[in-house]
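Here's the structure we're looking at; comments come further down.
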Amino acid sequence: MTDEFDEIETGRRSGAHRQESAAQSNVGAIALVIILALVAVLLVVAAINIITSSMKDPESDVADSGSDKTSSASPSPSESEVSVADSSLTVDVLNGSGVSGTAKKFSEAVEKEGWGLGEVGNYSTGLTDSTVYYADEANASQAKMVADALGIEAVESSTDFDTDITVVICSDIAERGPEPSGGGSGEGGSGEAEG
């Protein structure tokens with residue numbers, strides 16, 4: 001049994017045989033879906049990069065880059081390059097020695113050298129060696145200058161203090177008072193320096 005669709009004349013189109021064009025439209029739709037999926041993935045990756053970069057501390061990017069633009073903003077020069085007290089830094093002076101008036105003596109020296117003065121008071125510690133602490137690596141050279149100006153040998157990084165630089169005076173130098181160590185930045189210091 002045959003019907004009109006089985007006997008097709010050459011060159012004459014008849015019937016609903018359109019399978020090829022339907023397959024071609026499916027390929028186009030699949031290609032469109034793949035392209036849209038790739039665009040979506042790229043947008044998600046870009047959004048993640050934007051979010052993570054906005055969560056970083058912008059100051060760390062400035063400190064890490066070695067460009068000439070940032071060298072004047074907050075350099076970390078070697079000790080020999082630093083010769084002027086940074087008055088924008090705050091220095092706390094804490095008396096951990098138990099000797100009355102020690103924090104006041106040392107704070108006056110800090111202020112005289114040109115640093116901004118923060119908290120001046122007592123501090124409970126079991127340490128016997130005075131130490132200058134700095135909270136940020138960018139302040140290490142200034143902390144060394146503070147130590148030299150006061151005759152303190154120990155300089156350490158610490159997250160225990162919120163201020164830029166914190167001086168903890170202990171019994172090793174409380175009685176003699178502030179005096180610059182040899183090679184320090186202090187002017188007019190005439191005491192003998194140890195070290």
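As a test, work out the antiparallel percent of DSSP beta bridges whose residues both lie in the stretch 108-176, rounded to the nearest 5. Could you put the intermediate results ahead of the total?
On the way: 4 of 8 bridges.
Beta bridges within the stretch 108-176, antiparallel portion: roughly 50 percent.
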Subject >> Taking the C-alpha atoms of the stretch 75-159, convex hull volume expressed per residue in Å³ >> reply: 92 Å³
Subject >> Alpha-carbon centroid distance for the pair the stretch 108-149 / the stretch 30-50, whole angstrom >> reply: 53 Å
Original post:
Rounded to a whole number, what % of the accessible area of the stretch 79-133 do carbon and sulfur atoms account for, probe 1.4 Å?
Top reply: 44 percent
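The values are calculated or read from the model by the stated rules, or taken from the named source; none is laboratory data. Not measured: the values here are computed from a predicted model. Accessible surface areas use protein heavy atoms only, side chains included; no ligands, DNA or RNA. Shrake-Rupley method; radii C 1.70, N 1.55, O 1.52, S 1.80 Å.
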